[in-house]
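Participant: Quick one: structure below, then a few questions.
No lab work stands behind these numbers, since they all come straight from the coordinates. On a predicted model such as this, the values are computed, not experimentally measured, just so you know. Here the Cβ positions follow ideal geometry from the backbone for every residue, glycine too, while neighbour counts run over all protein chains shown.
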Amino acid sequence: MTLPNVKARLTNGTIVTVLEAIANQTYGDVWYKIFVNGSEGYVHSDYIVPSGLYRIGTIVSETKVYADHGFTPLQKCSGLIEGNQVQIIGQEGEWMLIRIAGKYVGYVLTEAIIE
């Protein structure tokens, strides 16, 4: 079976450079833009174990989790309370892209989280 738009197949243990993490607001998951073997491509986060990419953050005040920068609430996660720990995937200005409970991905304002 050939999948559309497949540039290459990577085997287990292949080392890649992660260029950025991209949140999929529709499904609440993350894709990585990667560089490997002289070209760029995209891989779903389920297939990559980042080395040193994630940082752990602690929520310092109750906050909603948003699907985007337009304050659209993330439907799968009602919110976070003080003390919740999350994985920090990236930062875009005043927004932190986070993973909650190892599965939900969304944005919180940077003022709601400390590392």
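Participant: Strictly greater than 25 Å: what percent of every Cα pair in the chain meets that? Numbers along the way, then the final one.
Facilitator: Details: 1764 of 6555 pairs.
Counting every Cα pair in the chain, those more than 25 Å apart make up 27 percent.
Participant: Once you compute Rg and the Kirkwood Rh from C-alpha atoms, what is the Rg to Rh ratio for the range 55-114? Before the final figure, lay out the partial values.
Facilitator: Details: Rg = 9.8 Å, Rh = 11.0 Å.
Checking Rg against Rh, the ratio lands at 0.90.
Participant: Within the chain, which is the longest segment that contains none of the trypsin sites (Lys or Arg not before Pro) sitting in a DSSP loop with at most 11 other Cβ atoms within 10 Å? Can you show the working numbers first?
Facilitator: Working: sites that count: K7, R9, K103.
In the chain, the maximal stretch lacking such sites is 10-102.
Participant: Where does the charge balance sit around S39 when Lys and Arg score +1, Asp and Glu -1, over other residues with C-beta under 14 Å from its C-beta? Display every interim value, and only then the final one.
Facilitator: Numbers: positive: K7, R9, K33; negative: E40.
With Lys, Arg at +1 and Asp, Glu at -1, the net is +2.
Participant: Here's something else I'd like to know. The chain: longest stretch without exposed chymotrypsin sites (Phe, Trp or Tyr not before Pro) (DSSP loop, at most 16 other Cβ within 10 Å), sites themselves excluded? Write out the running numbers ahead of the final one.
Facilitator: On the way: sites that count: Y27, Y54, F71.
It works out to 72-115.
Participant: All other residues with a Cβ under 11 Å from the Cβ of G57 taken together, and with Lys, Arg as +1 and Asp, Glu as -1, what is their net charge? Spell out each step's value before the answer.
Facilitator: Working: positive: R55, R99; negative: E115.
Once positives and negatives cancel, what remains is +1.
Participant: For T72 and E94, what is the calculated FRET efficiency with R₀ set at 22 Å and r taken between the beta-carbons, to the nearest 0.05? Show your work: numbers first, answer last.
Facilitator: Numbers: r = 16 Å, r/R0 = 0.73.
FRET efficiency, T72 to E94: 0.85.
Participant: If you don't mind, another one. Under the definition of Cα pairs under 8 Å and six or more residues apart, what whole-number percent is the relative contact order of the chain?
Facilitator: On the way: 206 pairs, mean separation 25.3, N = 115.
Relative contact order comes out at 22 percent.
Participant: Give me the lysines in straight-line cross-link reach of K103: C-alpha distance below 16 Å, same-chain residues under 8 apart excluded.
Facilitator: K76
Participant: Around G90, what is the net charge, scoring Lys/Arg as +1 and Asp/Glu as -1 over all other residues with Cβ under 10 Å from its Cβ?
Facilitator: Summing Lys and Arg as +1 and Asp and Glu as -1 gives -1.
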